[in-house]
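The values are calculated or read from the model by the stated rules, or taken from the named source; none is laboratory data. Everything quoted here is computed from the prediction, not taken from an experiment. Cβ atoms come from the backbone with ideal geometry, glycine included; neighbour counts cover every protein chain shown.
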Amino acid sequence: AALPPGSLRLRLFLLLVASSVGPLIVTNVWGYLRTREDLTEAAYKNAGNVSTLQAMQTLEFVHSRKELVTSMAAANRYLWDLVRAMGTKPDSAQREDYLLRLHEYLVGKATDVEGTVELLVLDRSGRALATSDESGSLIPEESEKMCQWAQGENIIVAGPDRAPGTAQLTQPTFVHSVVARVDDAPIGALCGRFRFDVHKELRLAQKLRTTYADLYLLDSAGRRLSGSFA
């Protein structure tokens with residue numbers, strides 16, 4: 001039978017329910033909020049750790065390729081003698097010989113380094129003279145542009161036909177160019193383009209370490225170059 005409203009038995013029943021169920025509800029709510037806070041903190045920490053790790057790997061890649069091009073250009077008498085010889089306005093036969101020797105030199109160097117897209121030699125005006133590309137006869141204009149952009153700094157370009165940071169591709173290219181000087185006057189530059197497969201690395205990092213977070217590679221202006229998205 002239903003308890004009459006306001007009866008002592010009803011009051012005692014409600015008091016019993018409140019004293020037994022109330023603490024359980026409070027405990028569950030507190031536990032849920034605490035668990036959510038802990039999980040959120042762990043997620044932020046995990047994302048931060050993964051970002052730090054990927055940043056270190058990215059910097060290591062950039063540093064290694066920068067050092068590679070720099071060491072190839074440093075005191076490379078054979079290379080720069082050929083570049084200077086090209087500047088003496090040789091006849092057509094000599095010019096072809098110089099270009100062939102430059103091309104063969106670059107091909108040999110490029111095959112020694114994994115991930116090399118192209119090595120180029122530029123004259124003092126920034127015009128490409130020779131490339132490691134196997135065709136060797138035609139140097140794409142975009143390759144020349146990227147090497148001109150890279151003179152004096154490291155850059156990660158988003159695409160071969162665009163200035164750095166103006167586009168978003170899944171596989172950016174790292175470009176580093178070293179200018180050779182004699183008596184403080186530039187005589188030419190050695191430029192390296194390398195596959196920067198950061199997209200694959202970011203996808204792998206997301207899959208293994210931070211499934212519920214996206215990772216992005218940004219340039220210094222905050223523009224997105226690549227990420228862990230499909």
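Scan region 70-85 for residues that are hydroxyl-bearing (Ser, Thr, Tyr) and either outside any helix (DSSP H, G or I) or surrounded by 13 or more Cβ atoms within 10 Å (Cβ to Cβ) (or both) and jot them down.
Once the filter is applied, which keeps residues that are hydroxyl-bearing (Ser, Thr, Tyr) and either outside any helix (DSSP H, G or I) or surrounded by 13 or more Cβ atoms within 10 Å (Cβ to Cβ) (or both), region 70-85 yields only THR70.
Suppose we filter ALA230, ALA150 for residues that are small (Gly, Ala, Ser), more than 24 Å from ARG77 (Cα to Cα) and at pLDDT below 75; which single one remains?
Being small (Gly, Ala, Ser), more than 24 Å from ARG77 (Cα to Cα) and at pLDDT below 75 holds for just one of ALA230, ALA150, which is ALA230.
With the structure loaded, tell me whether ASP112 is surrounded by 13 or more Cβ atoms within 10 Å (Cβ to Cβ) and of a type in the set (Asp, Glu) or whether it fails that test.
no
Tell me whether region 34-41 contains one or more residues that are touching a Ser or Thr at 6+ places or on another chain (Cβ under 6 Å), of a type outside the set (Ser, Thr, Tyr), surrounded by 10 or more Cβ atoms within 10 Å (Cβ to Cβ) and under 30 Å from LEU202 (Cβ atoms).
Going residue by residue through region 34-41, those that are touching a Ser or Thr at 6+ places or on another chain (Cβ under 6 Å) are none.
Within region 34-41, not a single residue is touching a Ser or Thr at 6+ places or on another chain (Cβ under 6 Å), of a type outside the set (Ser, Thr, Tyr), surrounded by 10 or more Cβ atoms within 10 Å (Cβ to Cβ) and under 30 Å from LEU202 (Cβ atoms).
Does ILE156 satisfy the condition of being modelled with pLDDT under 85 and not in a loop (DSSP other than H, G, I, E, B)? I'd like the intermediate steps shown before the answer.
Numbers: modelled with pLDDT under 85: yes; not in a loop (DSSP other than H, G, I, E, B): yes.
Yes.
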